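Right, one structure below, let's go through it.
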Amino acid sequence: MAISFPHVIRRSGDDVGSVSARERVRGEPAADVARFGPTMVAFVLTAVLVSGQLYVVIPLLHDMAAGWGASTGALTWLVTAFGIGYGVGFLVFGPLSDRFGRRRLLLLGLPLAAVTTALVALSPSPEAAFALRALQGVAVAMFPPAGMAYLAERVEPRRRVVAIAAVTGAFLASAVVLQVAAQVLVGAVGWRGLFGLSAAGFALAALGLRAVMLPDLPREGSGSLLSVYRSVPGLLFDRVLLLRYVATIVLMVGFVAVYTGLQIYGMASPSELLLLRAGGLPSIVLVPLLMPWLGRIPATTRAVSLLFAGAVALAVIGWTAAAALGLVLLLAVYVASITGGLPSLNEAVSARAGQARGTALALFSFALAVGGSVGPQVAAAFGGFGPLMYGLAIAMTVAAAAVLASTLSRGAR
C-alpha cells in the first residue's frame, strides 16, 4: 500500500484526459494552454543546450590539458564535477518550482547558467574549472524538473505526451549533437570560445522561454522555505513511484553503458563509433513524431512494452555479436525503446505526483543523473561487450517487471 503524503493523488492517471476533468481531480484551476509550436522550439533547443553541457567537454579535454599542462585523465573530473552539481541541483530546485512557479524559476536559472558558463570559459586553472563546472551544473539543473513540470501542466492534454517525448529526446540527442559541434568548432574558436558560445546560448534561451511561457499558476505560499521539501520523503517511499524511479535508473544506466562498452571493448574504430552514435539520432527524432499514436496507450503499458523491446534488442546484439549495419539497426531499435520509455516513465511519475509534480520530476531527473553516472562503471565491470549486453537485457527485463508491478498497487493502474 502506498504511503500517504501531501498533494499526491492515489491514482496513476496514465491516460491523457480533458483539461477540466484532470484539473478538477488534482485540485488545480483550469488554465490557458501554451502555444505548442513556439513552446516546443524553445524547450527542445534549451534541452539540447542544457543536457549537452555534460558532454560538450569530452572532445575538449585534449585542448584543455595542453593549455594548462595537465593530464587528460585528470581533467575527466570536469565531467564528474558537472554531474555532481547537476544531480544536486535537481533535488534543490524541483521542490522550489512547486512553491515559486516554473516560469519564475526558469527565468532566474537560465541567466545564472549563462553567467556560470561564461566563468568556466575564464577559468585560470583546472582547480578553478572543477569548482565552476560544479556551479554550472547546479545552475542548469533548474531547467529539467521545472521545464518538464511546465509541459505537464500547460501543454494541451492531447499533445503532452508528444511534448515530453520531444524534450526527452532532446536530452538524449544532446550527447551526440554537442560532442560533434565541439569537435567541429574547437579548432576555430578554442575551448574557451565554445563555453562562451554556450553562455550566449543560455542568454538567448532565457529570452526565448520568457517569450513563450505562460504566467505561473497560483501556488500555495504558506510555511517556511524548507517546507517545500516535506513531500520528498513521501515521494521517495511511495511504492508506485519508487518502482518507476528504479526503472528510470536502469534505463539510463543501460543507455550510457552501451555506448561506453562500444568504446572500451574496441567494438569499432573512432569513425565507426561516431556512426554508431549518430545512428541513434533517427530514432530520437522519429519516436516523438509517433507519440500522437503511442500516446493513446496508457503510459505504464507503453513503458513496459518499450523496456521489454529494448531488452530483446540488447539480447540479440549479445547473441549474434552483430557488427556493421546489423549493429547500427539493433542499436537504433534500442535507442527508440529508450526515447519512448523515458517520457512514458516521466508521464507516469508526473501523473502520480499531482501538485508535487515539480518535486517528483526533480527526483526523476536525479534518477537519470544517477543512472548516467553509474553507467560507465557498469560497462567496465562486465569485462566484455557480449556479457554486458546480456546483463543489461536482464536488467531492462527486471525494470519492465518493476513498472508492471507499480500498476498493481492499491490506487494505481
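Just so you know, all these numbers are worked out from the coordinates, no wet-lab data involved. Note that the coordinates shown come from a computational prediction; the quantities given were computed from them, not determined experimentally. Cβ sites come from the backbone with ideal geometry, for glycine too, and all protein chains shown count toward neighbours.
Counting only C-alpha contacts under 8 Å and six or more residues apart, can you give the relative contact order of region 230-406 as a whole percent?
Numbers: 228 pairs, mean separation 81.2, N = 177.
Computed value for region 230-406: 46 percent relative contact order.
Take the Cβ-Cβ distance between residue 297 and residue 156 as r, set R0 to 22 Å, and report the resulting FRET efficiency rounded to the nearest 0.05. It would help to have the intermediate numbers written out before the result.
Details: r = 19 Å, r/R0 = 0.84.
It comes to 0.75.
What net charge is computed for the residues neighbouring residue 182, neighbours being all others with C-beta under 13 Å from the C-beta of residue 182, Lys and Arg scored +1, Asp and Glu -1?
Details: positive: 192; negative: 63.
Summing Lys and Arg as +1 and Asp and Glu as -1 gives 0.
Can you show me the helix-derived [θ] at 222 nm for the chain, built from DSSP H runs with n ≥ 4 at -39,500 (n - 2.57) apiece and divided by the number of residues, rounded to the nearest 500. Can you show the working numbers first?
On the way: 16 runs with 315 residues, N = 413.
For the chain, the value works out to -26000 deg cm²/dmol.
Express in % the proportion of alpha carbon pairs of region 77-157 at distances exceeding 16 Å. Don't skip to the answer; put the middle values down first.
Details: 1638 of 3240 pairs.
For region 77-157, the share of Cα pairs beyond 16 Å comes to 51 percent.
Per the Kirkwood formula on distinct C-alpha pairs, the Rh of the chain is how many angstrom? Present the calculation step by step, with values, prior to reporting the outcome.
Values: mean 1/r = 0.0467 Å⁻¹.
Computed over the chain, the radius equals 21.4 Å.
Quote the charge dipole size of the chain about the Cα centre in Debye, to the nearest 20; the model charges only the Cβ of Lys and Arg (+1) and of Asp and Glu (-1).
Working: 28 positive and 15 negative charges, 215 e Å.
That gives a dipole near 1040 debye.
Taking the mean number of other Cβ atoms within 10 Å as a proxy for protection, how do you rank 206-216, 230-240, 152-162 from highest to lowest?
Top of the packing list down: 152-162, 230-240, 206-216.
Report P(r) for region 230-406: all Cα-Cα distances, bin width 10 Å, range 0 to the bin holding the largest distance, values in whole percent.
Each 10 Å bin holds this share of Cα pairs: 10, 38, 34, 14, 3, 0.
Can you find, among 37, 273, 390, the residue farthest towards the positive end of the dipole of the chain? Put +1 on the C-beta of Lys and Arg, -1 on that of Asp and Glu.
37
What would the Debye equation give as log₁₀ I(q)/I(0) for region 35-213 at q = 0.13, 0.15, 0.18 Å⁻¹, counting only Cα atoms as equal point scatterers?
Rounded to two decimals, the profile gives -0.61, -0.80, -1.11.
If you take the alpha carbon radius of gyration of region 145-188 and divide it by 2.2 N^0.38 Å, what ratio comes out, to two decimals? It would help to have the intermediate numbers written out before the result.
Numbers: Rg = 14.6 Å, N = 44, 2.2 N^0.38 = 9.3 Å.
Ratio of Cα Rg to 2.2 N^0.38 Å: 1.57.
Can you check how the C-alpha radius of gyration of region 60-104 compares to 2.2 N^0.38 Å, as a plain ratio? Don't skip to the answer; put the middle values down first.
Details: Rg = 16.4 Å, N = 45, 2.2 N^0.38 = 9.3 Å.
That works out to 1.75 for region 60-104.
Using only alpha carbon pairs under 8 Å that are at least six residues apart, calculate the relative contact order of the chain and give it in whole percent.
Details: 692 pairs, mean separation 121.2, N = 413.
Normalised by residue count, the contact order of the chain is 29 percent.
Which value, in debye to the nearest 20, gives the size of the charge dipole of region 230-406 about its Cα centre, when Lys and Arg are +1 and Asp and Glu are -1 at the Cβ? Don't skip to the end; give the middle numbers.
Numbers: 8 positive and 3 negative charges, 93 e Å.
Once rounded to the nearest 20, the dipole reads 440 debye.
Under DSSP H, which helices of the chain have Cα atoms covering 15 Å or more of the helix axis and a Kyte-Doolittle average no less than 1.6? Please report the intermediate quantities before stating the final value.
Details: long enough: 36-52 (23 Å, 1.82); 77-100 (34 Å, 1.09); 102-121 (28 Å, 1.27); 126-140 (21 Å, 0.95); 143-154 (16 Å, 0.08); 157-212 (45 Å, 1.34); 239-264 (37 Å, 1.70); 281-294 (20 Å, 1.95); 299-320 (31 Å, 1.50); 324-353 (43 Å, 1.33); 357-381 (35 Å, 1.15); 385-406 (31 Å, 1.74).
The answer, listed by residue number, is 36-52, 239-264, 281-294, 385-406.
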